[in-house]
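Remarks on the structure that follows.
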């Protein structure tokens with residue numbers, strides 16, 4: 001029986017600047033402005049026996065300050081608790097802020113704590129998180145997204161794709177969903193011709209099509225042998241995605257914008273996706289992700305977690321069916337360690353826990369912090 005207890009928690013609100021403003025279809029359709037930074041909520045946890053864990057959540061464009069504020073309000077609820085009891089602690093944090101619900105910003109604040117608790121648990125066991133969860137593989141096939149955004153000229157997209165393959169990444173995803181569908185078609189055709197027929201290629205419309213447009217474009221895309229079409233419709237249009245999945249040979253992928261297990265259950269119930277794309281920081285952390293992974297596996301879905309490869313590599317490695325993991329280099333300035341890509345796959349590190357530590361630069365980008373309890 002464990003006699004250990006959580007004795008100290010620190011939250012850090014970190015703003016990561018992006019080297020180039022990022023534009024996807026949401027920007028070109030006028031719904032959002034180009035993204036210039038990513039907001040992170042880091043949680044550092046220490047126990048009475050000296051065990052430590054680190055976790056994080058994030059937000060793009062808005063919400064980061066709210067996550068930090070909510071985390072400060074609910075954190076005292078788990079001081080003195082056994083860090084092993086991840087499920088119990090998740091519930092305790094939810095009930096500490098119950099009036100704001102069980103999805104969205106509130107559970108994203110909890111996610112940073114939950115990920116930190118799982119990191120601590122795996123470190124204490126001396127195991128990578130994937131091994132603690134029960135890995136099915138030691139590496140996961142991966143694809144690059146960061147080189148294919150719509151602000152990037154097509155020749156540069158092709159150069160980025162070549163570089164990704166040279167760096168041991170298996171597939172390439174490019175953004176579509178512009179107001180002029182002909183430009184999208186030209187970009188897809190150019191990248192497919194550049195890569196050849198054998199390289200896995202995905203496209204992502206970031207929710208910018210209506211049902212008729214998605215069906216029409218999806219039919220044109222059949223000739224390019226895509227691995228998937230991602231977010232062709234509004235993230236909550238489960239019936240539309242289901243109709244599209246039934247009508248097209250190309251698999252449909254979606255789920256990254258959903259903010260709870262319950263919302264993903266609607267996708268599964270309606271058969272709205274062939275490939276489900278949950279984001280652990282967005283749905284409440286690893287405790288919730290594992291619940292969803294069980295449901296997705298039972299439904300025979302492929303898994304391709306969104307963003308945050310430092311977390312999702314471990315979770316994908318523990319999924320029974322062969323998954324994908326998304327390669328983004330944006331977060332590299334935050335961590336001292338690097339994830340290895342080799343022969344088209346991302347390798348699970350042998351370091352305990354998530355295998356990450358914060359850089360001094362991450363500390364410098366911290367705009368606010370708060371501590372609870374006392375360090376050992």
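The values are calculated or read from the model by the stated rules, or taken from the named source; none is laboratory data. Everything numeric in this text was worked out from a predicted model, so none of it was measured. Here the Cβ positions follow ideal geometry from the backbone for every residue, glycine too, while neighbour counts run over all protein chains shown.
Points to keep in mind about this one:
- Residue match in region 96-105 (condition: under 24 Å from residue 358 (Cα atoms) and modelled with pLDDT under 95): yes
- Pairs meeting the criteria (first residue in region 14-32 and farther than 21 Å from residue 329 by Cβ, second residue part of a helix (DSSP H, G or I), beta carbons under 8 Å, at least 6 apart or on different chains) are 32/26.
- Condition check for residue 156: farther than 26 Å from residue 247 by Cβ, not assigned by TED's automatic domain parsing to the domain that holds residue 26 and not in a strand (DSSP E or B): yes
- The residues on offer are 53, 97, 63, and the sole one that is free of Cβ contacts under 8 Å to residues at least 60 places away in the same chain and within 20 Å of the chain's Cα centre (by Cα) is 63.
- All of 265, 257 fail the test of being under 15 Å from the mean Cα position of the chain (by Cα) and surrounded by fewer than 18 Cβ atoms within 10 Å (Cβ to Cβ), apart from 257.
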